[in-house]
Structure formats: C-alpha cells, structure tokens
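Below is one structure, written out as structure tokens, with a few remarks after it.
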Amino acid sequence: KAMVARGRSFIGTAVTLRDPPDNKEAAIYSNKADFNSITPENAQKWESIEPQRNQFTFADADRHVDFAVDNGLQIHCHNLVWHSQLPDWVTNGNFDNATLISIMKNHITKLAGRYKGKCTRWDVVNEALNEDGTYRESVFYNTTGEAYLPLAFKFASEVDPNAQLYYNDYNLESGGAKAKGAQRIVQLIQSYGVKINGVGLQAHLSSEVTPTSPSPAPDQATLENTLRMYTSQGVDVAYTEIDVRMNTPPTPAKLKKQADVYETVARSCLAVKRCVGMTTWGVSDKYSWIPETFEGEGAALMWNKKYKKKPAYFGFLKGIKQG
Ligand code: G3I
C-alpha cells in the first residue's frame, strides 16, 4: 500500500502454490497491505507449459493465474523465451531457423494467448546475456541470431497488446557491461519498430561478499544511475526478483546489513519516476531457491523460516515510505 500511495504500481512476490498448501506462507503473500502482484515462480516456464512439441499443459499455470485473478492481484507473467527450464526437444531439436521461429511463435501465441488480458506484465525474453554483455549462446541465439529478441516481442505484442512487455535479467544492477548489453537489447527492439515497455532488473543481490557474489549490493547512486540508463531510452524499469543473500547462518548484525540493502534498493526505485514496482523472489526463507543452488548462502528474504518478519521487511518499508 505504501508503494501505491507513492504513485507507483506494485509490490509483488514470486509465488509457488504448494502441494499440500502452506497456509502460513499463503497468509503472507495474500496480505493486501503488503502485496498487490504475484509472479508465478515456475508454473509458466516452457518445460511446465509445453513439455512436448505442441502439447500444452496449463493446469498449474491456470491455478496461479486464477489465484491472482480471484484475489485482485496483478500478475507479472514469467516467462515466454528463456534458455533454462527449456525442454530438451527445443534445446537439442536441431531445428532450422524458420522452424525454430515457428516453434517460438506457437509457444508465445498459445501461452500469452491463454492469459490474454490477465498478465499485467510479461517477461518476454529472460536472461539473454552473458556477464560481459555479449549474447548468451542459447539455442535461440545460435539458430536465429539477435533477431529472435525483436521477433519474440513482436509475437507477444500481437497476442496480448495490453500487457507490458519486459526484457528481464540478473546482474544488471551495477551498471556494468551486462547492463549495457540490456541497453543494446532495448535499442535493438525499438529499432525494429517493435514494442518494449520495460527492463526488469532481477536484483539477486547480497549484503556481504559470499562465494558466489564477489561484491555486495551497489550503493544507491549506482542503482539509480543504472535505472536511468533504461528510463532515458523511454522504457519503464522494475526490480523483478529481489533477494539479498548472505553467508548463513544469519546473525543480528548481518540481518541489519541486509535490512539496509533492502532499504537502499527501495530508495533507488522511488528516486526514479519510471521505476514502476518491485517484486521479491518469495516471502519466507523456508522456500528460497538460494540454499539449494548456492550451498552455505541464503536467508535472503523478508520473512524467516518460521514466517516471522525480519529487519529486512522494515528496511524495505522504510525505503518505500521515505525514498
Ligand atoms: O518440478 C520438479 C519436481 O517434479 C522434482 O521432483 C524436483 C526435484 O528436484 O524438481 C522440481 O523442479 C524444480 C523446480 O524449481 C520446481 O520446484 C527444479 O529442480 C529447480 O531447479 C527449480 O528451480 C527454480 C529455478 O528458477 C530454475 O532455474 C527455482 O524454483 C526458481 O526460484 C528459479 O527462479 C529463477 C527465475 O525463474 C529466473 N531468474 C533467476 C531465478 C533464480 O534462479
């Protein structure tokens, strides 16, 4: 609510509807004072939606979208084209260029078409860049070249003209070579006369040096400069997957540092007019992807494993209210 009171659009979180349900977790992300948007964490990814060619399985994604619609929440739909969680039939299909484009078009048309009018935003292309700003050698890039990006945005805009279309990536926040790569992508898509509405900065950050993060989160001025690199191109920006990891276990001092990073991120968004919203990558540390992927790191979200609010929650709120 504080975010909307500041004239911005949303505060969201990634959601996975558990089986069996976790009512304590659900009570947190269903609290409308805190959240008005969700991003389905995995349910709309290619391997979930089209595990075999032209065989679509929408049940899990439907559940997530229905949950949001029933609760009056925005949906940040995630995602249409990504090299990861991509089924083997696409990655190793050895399709020629025309065939792969038709596969991509079919996937986008069926997926974005099914949720037409319900997705506030779509991550159209996810993580197309290497750290040095060059294109990642995905099957899409290797087969079609950079033209796959404007093509994906074109197909998405034709299917759901009212959805806001985003390019989404991680490690953009510091404004280095990779961030410039994303700037180039925005320019590329615009040069084709195709619609792109925003850049999503995932913001998988850390509050201290960890084995997988050589430097802690950038300071506020750096974050703001990076956001402005994109807004000066005439597009919106959003933080789309915020979490702030540390070496576990957490201590009070580390949790304070983490709260400061959450506050700084919020302040940077509020300082830039076209920063339309922020999404955290889950609510409780119980389910965060980080400990599974980066051993010995975690405690990255705003609620602890026992569903208790951490200092990070209050830091984030302070940044939204005062930033
Ligand atoms: O669904 C299967 C299940 O059937 C199987 O029994 C189980 C055994 O490992 O795996 C389940 O799949 C897991 C899936 O999450 C659903 O829970 C995958 O192993 C696991 O790798 C996958 O992780 C997700 C990851 O993306 C995959 O790349 C995380 O939950 C999700 O938080 C993470 O999110 C990504 C964003 O989409 C893009 N940006 C980075 C971010 C963090 O990696």
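Side notes on the structure shown:
- Residue within segment 263-275 that is under 30 Å from S191 (Cβ atoms) and among the polar types (S, T, N, Q) present: yes
- Qualifying residue in segment 170-186 (condition: touching a residue at least 60 places away in the same chain (Cβ under 8 Å) and within 23 Å of G319 (Cα to Cα)): yes
- Residue check: G282 meets all listed conditions (1) among the small types (G, A, S); (2) assigned to a loop (DSSP other than H, G, I, E, B); (3) within 16 Å of V237 (Cβ to Cβ) but one, namely (3).
Let's see how each residue does on (1) touching a strand residue (DSSP E or B) at 6+ places or on another chain (Cβ under 7 Å); (2) under 15 Å from N106 (Cα atoms); (3) surrounded by fewer than 20 Cβ atoms within 10 Å (Cβ to Cβ):
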site: R136; (1), (2), (3): yes, no, yes
site: N142; (1), (2), (3): no, no, yes
site: E146; (1), (2), (3): yes, no, yes
site: F155; (1), (2), (3): no, yes, no
site: E158; (1), (2), (3): no, yes, yes
site: A163; (1), (2), (3): yes, no, no
site: Y170; (1), (2), (3): yes, no, yes
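- Lone qualifier among A43, A14, A5 - being farther than 23 Å from Y141 by Cβ, away from the ligand (no atom under 16 Å from the Cβ) and either of a type in the set (G, A, S) or surrounded by fewer than 15 Cβ atoms within 10 Å (Cβ to Cβ) (or both): A5
- As for segment 63-79, it holds no residue that is in contact with a helix residue (DSSP H, G or I) (Cβ under 9 Å, 6 or more places away or on another chain), surrounded by fewer than 17 Cβ atoms within 10 Å (Cβ to Cβ) and not β-branched (V, I, T).
- Test result for E295, within 16 Å of the ligand (Cβ to nearest atom), of a type in the set (D, E, K, R) and closer than 19 Å to F10 by Cα: no
- If you go through segment 119-134 and keep only what is touching a strand residue (DSSP E or B) at 6+ places or on another chain (Cβ under 9 Å) and either not in a strand (DSSP E or B) or not β-branched (V, I, T) (or both), you end up with C119, T120, R121, W122, D123, N126, E127, A128, L129.
- Which numbered condition F35 fails, given (1) of a type in the set (F, W, Y); (2) within 25 Å of A203 (Cα to Cα); (3) outside any loop (DSSP other than H, G, I, E, B): (3)
- From D96, D132, D123, residue being closer than 26 Å to S284 by Cα and charged (D, E, K, R): D123
- Residue identified as out of contact with any Ser or Thr (no Cβ under 6 Å at 6 or more places or on another chain) and either more than 16 Å from the ligand (Cβ to nearest atom) or on the phi < 0 side of the Ramachandran plot (or both) among S213, S191: S191
- Within the set D60, D22, the sole residue that is within 16 Å of the ligand (Cβ to nearest atom), within 21 Å of K309 (Cβ to Cβ) and either modelled with pLDDT of 95 or more or buried (at least 17 other Cβ atoms within 10 Å of the Cβ) (or both) turns out to be D22.
- Of all the listed residues (F95, F35), the sole one being on the phi < 0 side of the Ramachandran plot, more than 13 Å from the ligand (Cβ to nearest atom), out of contact with any Ser or Thr (no Cβ under 6 Å at 6 or more places or on another chain) and aromatic (F, W, Y) is F95.
- Yes/no for D22 being of a type in the set (D, E) and farther than 22 Å from K286 by Cβ: no
- Where a residue in segment 89-101 is farther than 14 Å from A152 by Cβ and its partner, wherever it lies, is loosely packed, with under 12 Cβ neighbours inside 10 Å and not β-branched (V, I, T), with Cβ under 8 Å and at least six apart: W89/Q52
The values are calculated or read from the model by the stated rules, or taken from the named source; none is laboratory data. Every value quoted in this text rests on a predicted model; they were computed, and no experiment measured them. Note that each Cβ is placed from the backbone with ideal geometry, even for glycine, and that neighbours are counted across all protein chains shown.
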